[in-house]
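Peer 1: To start, I am sharing the structure in question, which I have written as structure tokens.
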Amino acid sequence: MDAENRKGEARMTPAGQALSLGLVRCHVCGLACEHVGGVHALPCPRCHAPLHTRLPDSLTQTWALLLTGLLLYLPANLLPVMYNSFAGRGSESTILGGIAVFWASGSYGIAIVIFTASVLVPCAKFGILGGLLIATKRRDVSGRVRRSRLFRLTEHIGYWSMLDVMVVALIAALVQFPGFSTAEPRIGIVFFGAVVMFTLLAAMKFDPRLLWENNKHE
Amino acid sequence: MKIYPQQVICKHCDSLYTRKPVRPGEAAQCQRCRAVLYRGSWLSLEQWFALTVTAALFFIIANLFPVLEIQFHGQSQATTLAETAMALAHSYASPLAIPVALLIIVCPCLQILLLSWVLFHACRRKAAPGFAPAMRLLAGLAPWSMAEVALLSILIAAIKLSGLVSITTGPGTWALLGLCLLLPVINHQDFHPLWMLKTVKGKHG
């Protein structure tokens, strides 16, 4: 047992591919069930969720959601996300403009955090999911472990992009001193929120098992 | 339909394994795609339930008290999590008000309530009434629960405003910190022992 337990991992021996062995995993409760019927089989006997060997229309839906997100990313960056007035002077700011202000004022840490959440993470998701979709289409078998890792990374980091939406909401809720200073959200933040939602949905619709299918159908 | 409760299938690459017991902290890893199949839990069902109730208390405090307060020219303004979401409602950003409220308030709340319900009965070695729908909803809520994003955004907003006004964190922020430490613990336990409470009609393979 101790020899099996280096690095805190149990040694598992794969018995093969579930689909080729006639088994299907319930995507909700994880129960291994006998695969009966076509792509749309009977519901899971334990949790009654519909069983399917692969997420239906995964590639088409992921592409659609990802491209919608990409399209909305333009207005999200071009339109102002917030309006600020201070002592009678009003100004609007975009996401990149806000980051630039922090950087220029010497708040490098904050600038980097916001840049990561609002620019780096969404762009990484577009790049990684797009790359995975193309690799799946080409049934590229080399580097599958790395691609699986990248997919799990996008699942873990994706939701941090909501950060800027909540920062804008907090500032708008707090800075309410009519006559002195007010802050208001602007339409850009709606587009940005929509980008985050669409990329989250895209990652959910992508079936990572497609990365592991060979040329010949297993 | 035959079922195989002793088998586990990797959700990332569809490899089939026979479930082995793992020790607390130990992870069963897929040999093909290196994903974690399941982890050994440090917690008993009773401890898991206790932490979930603690999370519920943190959640209540985090939502009742202001998270941030600012002072400006003798006036002060405070906001709670709900008021933050509502601030979006009266502006161009009104379509975001309900989604933000769902992500930072409703989803974590439902997660805690459903998990408490299931675990309360699990501690009595029973499947709770409405067990399957509750567990299905829990699985669906997981990606939409963003309390930790709310906590970081409070920190960023505080730093952003600190140059202009005097700003203090309210009790809500400290409770939210506690909640954010507990939520990953209670939500990332292995749900397999809970699912095993439900007896399934079907031939065991």
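Throughout, read-outs are computed from the coordinates displayed, never taken from laboratory work. Just so you know, these numbers come straight off a predicted model, no measurement behind them. With ideal geometry, Cβ positions are generated from the backbone for all residues, glycine too; neighbour counts draw on all protein chains shown.
Peer 1: Run a plain Debye calculation on the protein assembly as shown (Cα atoms as equal point scatterers, no solvent) and give log10 I(q)/I(0) at q = 0.10 Å⁻¹, rounded to two decimals, same order as the q list.
Peer 2: -0.78
Peer 1: Net charge within 15 Å of B:Ala139 by Cβ-Cβ distance, Lys/Arg positive one each and Asp/Glu negative one each, not counting B:Ala139 itself?
Peer 2: Within the 15 Å Cβ shell, the charges total +3.
Peer 1: Taking trypsin sites (Lys or Arg not before Pro) that fall in a DSSP loop and have at most 13 other Cβ atoms within 10 Å as cut points, what is the longest piece of chain B between them?
Peer 2: For trypsin sites (Lys or Arg not before Pro) (loop position, at most 13 other Cβ atoms within 10 Å), the longest site-free span of chain B is B:1-123.
Peer 1: I've got another one for you. Suppose every K and R has +1 on its Cβ and every D and E has -1 on its Cβ; what is the size of the dipole of chain A about the Cα centre, in Debye to the nearest 20?
Peer 2: The dipole magnitude comes to about 560 debye.
Peer 1: Which residue, B:Val67, B:Val22, B:Val118, has the most motion in a Gaussian network model of chain B that connects Cα atoms within less than 10 Å?
Peer 2: Checking each option, the largest mean-square fluctuation is seen for B:Val22.
Peer 1: On to the next question. Identify which of A:Tyr108, A:Tyr73, A:Tyr83 has the largest mean-square fluctuation in a Gaussian network model of chain A, with springs joining Cα atoms closer than 10 Å.
Peer 2: Most flexible of the set in this elastic network: A:Tyr108.
Peer 1: What whole-number distance in Å separates the alpha-carbon centres of segment A:53-86 and segment B:51-72?
Peer 2: Distance between centres, Cα-based: 32 Å.
Peer 1: Under 14 Å from the Cβ of B:Gly130, count the other residues' Cβ atoms, weight Lys and Arg +1, Asp and Glu -1, and hand me the total.
Peer 2: Net of charged neighbours comes to +3.
Peer 1: Hey, another quick one. So, in Å, what gap is there between the alpha-carbon centers of segment B:1-50 and segment A:116-187?
Peer 2: 29 Å
Peer 1: If I fit a long axis through the Cα atoms of helix A:95-104 and take the longest principal axis of the Cα atoms of chain A, what angle between them do I get, 0 to 90°, rounded to 10?
Peer 2: 60 degrees
Peer 1: Sticking with this one: Give the cysteines in chain B for which no other Cys Cβ lies under 4.7 Å away, or write none if there are none.
Peer 2: B:Cys107, B:Cys109, B:Cys123, B:Cys180
Peer 1: Lysine pairs, Cα distance under 14 Å, 8 or more residues apart or cross-chain: how many in the protein assembly as shown?
Peer 2: Here the count comes out as 6.
Peer 1: With a 10 Å cut-off between alpha carbons and a GNM built on chain B, which of B:Val149, B:Val100, B:Val53 moves the most?
Peer 2: It is B:Val149.
Peer 1: Calculate how steeply helix B:147-162 sits against the longest principal axis of the alpha-carbon atoms of chain B, using the helix alpha-carbon long axis, and give the answer as 0 to 90 degrees to the nearest 10.
Peer 2: Result, in degrees: 20.
Peer 1: Counting Lys and Arg as +1 and Asp and Glu as -1, each charge on the Cβ, what is the dipole of the protein assembly as shown about the Cα centre in debye, to the nearest 20?
Peer 2: About 1760 debye.
Peer 1: On each of the three principal axes of the Cα atoms of segment A:42-191, give max minus min coordinate, whole Å, ordered largest first.
Peer 2: 64, 36, 25
Peer 1: Could you state the principal axis extents of the C-alpha atoms in chain B, from the largest down, to the nearest angstrom?
Peer 2: Extents along the principal axes, in whole Å: 72, 37, 33.
Peer 1: For A:Arg149 and B:Leu181, what is the calculated FRET efficiency with R₀ set at 25 Å and r taken between the beta-carbons, to the nearest 0.05?
Peer 2: The calculated FRET efficiency here is 0.40.
Peer 1: Any idea what log10 I(q)/I(0) is at q = 0.11, 0.20, 0.21, 0.25 Å⁻¹ for segment B:134-200, Debye with uniform C-alpha scatterers and no solvent?
Peer 2: The calculated log intensity ratios at q = 0.11, 0.20, 0.21, 0.25 Å⁻¹ are -0.42, -0.88, -0.93, -1.11.
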